[in-house]
Amino acid sequence: LAVCLSGGRRQLADLNDDELLQVAAAARRQTSWAQARELAAIAELTRRRDAAGEADDGSDYRTLSAHEAVTEEVAAALTVTGNTAATLVHLAERLTGPLSATGEALESGRIDMAKARVISDTTENLPDQVSERVEAAALEKASSLTTGQLRRRIRRIVHRLAPEAMEQRKREAARQRRLEVWDTPSGTADLALCDIAAEDAHGIYNKITAAAHGLKADGDTRPLHLIRADLATNLLNGAPLPEAIAKVLAEAVPSGPAHLTEVTPRTADPADSHL
């Protein structure tokens, strides 16, 4: 396959549209094979470091553990961060161990790395027997599903086969809830509430969306996602909901004062003040 894909641009220019799509799909399969080999190499290195670690008596506290050592080696060799290296090491162990069928699907090009990670993440900490059944069911249709569709399919299967394990995972994730911020390449930043209760997340989103629809009715002609973002920013900066709504509308509509008298009384609901 690699030889077939090694032609230059001139050869690609001679292909019709369907043939170009076939080349793209074949290249994706080749990439999956290469990524599976990368993970297999990492898994073998981990096995060797584990074996060497077992022979070490651990008397020197300055010596890295086998897992720490291989993570640092992978990070240096692949020029990736420590977190990325740790993720690769963990995925390598999973796809050459309990999820070996997923590893084989990746190597054969039936799934890509993103789908392999979805299967690994969504079967984490499940009982072995359940994990095997979930993996088998996921791989049946994984090649024809997007990552989002695959994740939803696995979640439904886990809910049916191991509802207690799913509930335990949910509780453990909620204990790790956090607020994260990271910079974007465009010079802006993203802000996210992670692992909060689903009912809280949807409740917050729906309430801001309802207020945004009200602003559009009052004259804000901007897209709904922009209004939502401005409302959330003002609310998180400490403004009560009526004040946040008034401020967003004043900035969006030049003749703001004429509209503010309509907005404030209608949205000054005490039930909204907790935002």
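The values are calculated or read from the model by the stated rules, or taken from the named source; none is laboratory data. Model, not experiment: these values are computed from the prediction. Here the Cβ is made from the backbone with ideal geometry for all residues, glycine too, and neighbour counts use every protein chain on show. All accessible areas refer to the heavy atoms of the entire protein, side chains included, with ligands and DNA or RNA removed. Shrake-Rupley method; radii C 1.70, N 1.55, O 1.52, S 1.80 Å.
Data overview
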item: Efficiency of FRET between residue 237 and residue 177 - r from beta-carbon atoms, R0 22 angstrom, step 0.05; result: 0.60
item: R0 of 51 Å, Cβ-Cβ distance residue 222-residue 129: FRET efficiency to nearest 0.05; result: 0.45
item: 1.4 Å probe accessible area per residue over the stretch 133-184, in Å²; result: 70
item: Lysines with Cα under 22 Å of residue 141, excluding same-chain neighbours fewer than 8 positions away; result: 115
item: Karplus-derived HN-Hα couplings along the stretch 221-235 (A = 6.51, B = -1.76, C = 1.60, θ = phi - 60°), whole Hz, x at Gly and Pro; result: 8, 6, x, 4, 5, 5, 5, 4, 4, 5, 4, 4, 4, 5, 5
item: Shape of the stretch 108-155, Cα gyration tensor, a/c cut at 1.5; result: prolate
item: Net +/- balance of residues flanking residue 174 in space, Cβ distance below 12 Å, scoring K and R +1, D and E -1; result: +1
item: Within the accessible area of the stretch 52-192 (1.4 Å probe), percent carbon and sulfur; result: 49
item: Set of aspartates and glutamates near residue 170 by C-alpha distance (under 18 Å), chain-local residues within fewer than 8 positions excluded; result: 121, 124, 195, 199, 200
item: Qualifying lysines (Cα of each under 18 Å from Cα of residue 216; at least 8 residues distant if same chain); result: 207, 247
